[in-house]
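Okay, structure first, notes after.
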Amino acid sequence: MKTNSPGAINFRDNARRAIDDPSLRRAMRHATETFRQKRSQAIVGIPIEEWREQASELRKRVISDLEGYADEFAVNATRRGAIVHRVANLAIGKGFSPVTVNRLPVPADRTFKRRMS
């Protein structure tokens, strides 16, 4: 595949050179190992599995009441000046969000609270 841009680097040629460069391969291997070690050290004592379970439960709860969350979002977004569009039939809008926001002005100093009950 050729590019029309003068001075453009051919991705495939550049990738082949990088893969064939033993110094670069060593550096990448070292960086990857260092990252893995530092990450393992950083998460010692952090309850990752507990957080995953909590996130999974939260996801299930939100999905089970998605219509309610979409309604709440639409009310709050409209109150703040957004124009909210809803998909009338989710079968028609398959693969799309049930709510679309066109405009949501948010002042820099505002934070929004989430419903977590």
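The values are calculated or read from the model by the stated rules, or taken from the named source; none is laboratory data. Not measured: the values here are computed from a predicted model. No Cβ is skipped: glycine too gets one built from the backbone with ideal geometry, and neighbour counts run over all protein chains shown.
Observations on the model:
- Hey, P22 more than 22 Å from the chain's Cα centre (by Cα), loosely packed, with under 10 Cβ neighbours inside 10 Å and at pLDDT 90 or above or not: yes
- Boolean, A27 is small (G, A, S), free of Cβ contacts under 8 Å to residues at least 60 places away in the same chain and surrounded by 11 or more Cβ atoms within 10 Å (Cβ to Cβ): yes
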